[in-house]
1. Carbon and sulfur atoms: what percent of the 1.4 Å accessible area of the chain do they account for?
2. Taking the Cα-to-Cβ direction at residue 71 and at residue 84 and moving 7 Å from each Cα, how far apart do the two end points lie in nm?
3. Which of 118, 26, 14 ends up with the largest GNM mean-square fluctuation for the chain, with Cα atoms connected below 10 Å?
4. Whole number in Å², please: accessible area per residue of the chain, 1.4 Å probe, ligands, DNA and RNA not counted.
5. If you take every DSSP beta bridge fully contained in the chain, what fraction is antiparallel? Give it as a percent rounded to 5.
6. Below 8 Å, C-alpha to C-alpha, sequence gap of six or more: please give me the relative contact order for the chain in percent.
7. Rounded to the nearest 0.05, what FRET efficiency is calculated for residue 127 and residue 8 with R0 set to 25 Å and r the Cβ-Cβ distance?
8. Using only helices, what value at 222 nm comes out for the chain when you add -39,500 (n - 2.57) per DSSP H run of length 4 or more and divide by the total residues, to the nearest 500 deg cm²/dmol?
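The values are calculated or read from the model by the stated rules, or taken from the named source; none is laboratory data. The structure presented is a predicted model; accordingly, all values stated were derived computationally and were not measured. Reconstructed Cβ throughout: ideal geometry from the backbone, glycine too, with neighbour counts over all protein chains shown. Heads up: the accessible areas ignore ligands, DNA and RNA and are worked out on the full protein's heavy atoms, side chains in. Shrake-Rupley method; radii C 1.70, N 1.55, O 1.52, S 1.80 Å.
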Amino acid sequence: GRTVDIRDYKGSPVLVTFVYANCPDVCPLIMSNMRQARIDAGADGRKTKVIAVSVDPKGDPPQVVRKFLAQRRVAGFVPSLIGTRAQLEPVWKDWNVATQVPKTDPELVEHTALIYGVTASGELATAYPVNFKASDIARDLPLLASS
């Protein structure tokens with residue numbers, strides 16, 4: 001219901017990821033691990049902002065996304081960017097995220113599943129693979145916060 005602009009978070013480290021609510025595997029794991037990383041990083045974790053961008057415009061209406069965020073226990077600190085394909089495609093392009101819906105399984109959305117670490121000064125500093133450990137990000141959050 002509101003616009004999210006990463007520039008508004010300057011001064012805080014930001015983690016950006018691309019997920020969808022009906023994802024059967026990696027998306028719930030990504031969100032749960034990012035929650036844990038924020039906890040493990042203490043004060044720097046509490047300063048960290050997380051932005052989740054939908055890769056499934058049709059399958060991510062507000063009520064579905066709210067439920068997904070609540071189930072992952074990240075509601076309240078993770079704004080989720082949802083919208084039409086036309087609204088989201090420029091964001092995907094800016095972050096080099098590829099999405100594809102397999103014809104054999106239209107409920108599945110194949111997508112780039114990296115987590116991007118942005119410094120407090122607004123610079124893209126790192127990308128974490130989908131199999132990251134919460135401790136990897138927790139270790140880096142003080143560095144992202146001080147940069």
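1. Values: 4060 of 7970 Å².
Of the solvent-accessible surface of the chain, carbon and sulfur hold 51 percent.
2. Going from the residue 71 label point to the residue 84 one covers 2.8 nm.
3. 26
4. Details: 7970 Å² over 147 residues.
Ligands and nucleic acids excluded, the figure is 54 Å² per residue.
5. Working: 10 of 18 bridges.
The antiparallel fraction comes to roughly 55 percent.
6. Relative contact order for the chain comes out at 34 percent.
7. Details: r = 22 Å, r/R0 = 0.87.
Here the calculated transfer efficiency is 0.70.
8. Values: 5 runs with 54 residues, N = 147.
For the chain, the value works out to -11000 deg cm²/dmol.
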